[in-house]
Amino acid sequence: MEFYDMHSHILPEMDDGADSVDVSVKMLEALKNQGVTHVCLTPHYYSHKESMEDFLERREYCYKILEPHIPQGIEVCLGAEVYITDIILNNKTVKPVCYGNSNYILLEFPYSTSFTGSSYDFLIRFMNLYGVKPILAHIERYDALIRDPKLLEDLASYGVKFQTNAVSYLDSSTMRKFKKLIKRGLIHFVGSDAHNMVRNSPDKFRDAFKIMEKKTGTEVVNAINSLSKRVFDAATK
């Protein structure tokens, strides 16, 4: 089975992820050995710290350095993990930080976000203003979301999708929470969120899917892979 890594920090010297091309290649090789054939390169974009133009220029530079060294059998697409602050609304468009040519965008909020009241309104406004389809990164880090499936269901009704980190499936307590969400159709993507060979190690990807398949069934794995393929294909068309 081919796997899709929808969240990674592999671009060399781009953010707090890989600090060299050598580390980037080791990460990609580790993912390849796990059966990952498609990798989304999603470095952090902090709109309150850097203009989108500067971010995109840096991302292109780092990608050009990595491109000749991408292992055979691995396809990549460019995106970003977009940290949400009010400043993001100063941009005329956020299309350049979506997954490639798609309208899907990986978002990170402050972990204390409640996703009710003003933060809920902001997310809906962001979607409507830019015409994008948000994917919330590593939802297990938000207490408000992981405790309240009904809140996730409400966001999902507006088209919001949810990503989880592969290493989180190896934690039995987190996996029990995931199982409840999976049964409600509230987990859509898996990413390594790998920053190097230690932090969210990329060599745990297959293990995550083995656990998921054992606990929830093959159909769930197939559904996640199918949706990931759809987004990746849209990003690279």
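The values are calculated or read from the model by the stated rules, or taken from the named source; none is laboratory data. Keep in mind that this is a model prediction, so the values were computed, not measured. Neighbour counts are summed over all protein chains in view; Cβ atoms, including those assigned to glycine, are modelled from backbone coordinates with ideal geometry. Quick note on the areas: whole protein, heavy atoms, side chains included, nothing else; ligands and nucleic acids left out. Shrake-Rupley method; radii C 1.70, N 1.55, O 1.52, S 1.80 Å.
If you roll a 1.4 Å probe over the heavy atoms of the protein chains, what accessible area per residue do you get for the chain, in Å²?
With all protein chains present, the chain gives 45 Å² per residue.
Take the Cα of Lys92, step 7 Å along the line toward its Cβ, and report every residue of segment 19-57 whose backbone nitrogen sits under 13 Å from that point.
53
In nanometres, what is the gap between the two model label sites at Gln72 and Thr85, each 7 Å from Cα along Cα-to-Cβ?
That separation, rounded to one decimal, is 4.6 nm.
Using the Kirkwood formula over every pair of different C-alpha atoms, what hydrodynamic radius in Å results for segment 1-80?
12.7
Probe radius 1.4 Å, ligands and nucleic acids ignored: give me the carbon and sulfur share of the accessible area of the chain as a rounded percent.
Summing carbon and sulfur atoms, their accessible area is 48 percent of the total for the chain.
If you consider only alpha-carbon coordinates, what radius of gyration and Dmax does the chain have, in Å?
16.7, 47
Report relative contact order for the chain in percent, whole number only (criteria: Cα-Cα under 8 Å, sequence separation at least 6).
Contact order relative to length: 23 percent.
Return the Cα extents of segment 1-47 along principal axes one, two and three, sorted largest first, each rounded to a whole Å.
Sorted from largest, the Cα extents of segment 1-47 read 36, 23, 9 Å.
Give me P(r) over segment 155-237, computed from all C-alpha to C-alpha distances, binned every 5 Å, as integer percentages.
Binned Cα distances yield the sequence 3, 14, 24, 25, 19, 12, 3, 0.
Over the alpha-carbon set of segment 145-201, divide Rg by the Kirkwood Rh and report the Rg/Rh ratio to two decimals.
So for segment 145-201, dividing Rg by the Kirkwood Rh gives 1.02.
About the Cα centre of segment 25-150, how large is the charge dipole given +1 on each Lys and Arg Cβ and -1 on each Asp and Glu Cβ? Please answer in debye to the nearest 20.
My answer is approximately 180 debye.
Sorted from largest down, give the three principal axis spans of the alpha carbons of segment 198-237, whole angstrom values.
Extents along the principal axes, in whole Å: 31, 29, 9.
Compute the normalised compactness of segment 89-139: alpha-carbon radius of gyration over 2.2 N^0.38 Å, N being the residue count.
It is 1.13.
Can you give me the relative contact order of segment 152-237 as a percent, contacts being Cα pairs under 8 Å and 6 or more apart?
30
State the Cα centre-to-centre distance between segment 206-225 and segment 1-76 in whole Å.
That distance is 25 Å.
Between Lys179 and Arg206, what length in nm is gained on full extension when 0.36 nm per residue of separation is reduced by their alpha carbon distance?
Taking 0.36 nm per residue and subtracting the Cα distance, the gain is 8.0 nm.
Relative contact order for segment 1-105: what is it in percent, counting Cα pairs under 8 Å that are at least 6 residues apart?
So the answer I get is 29 percent.
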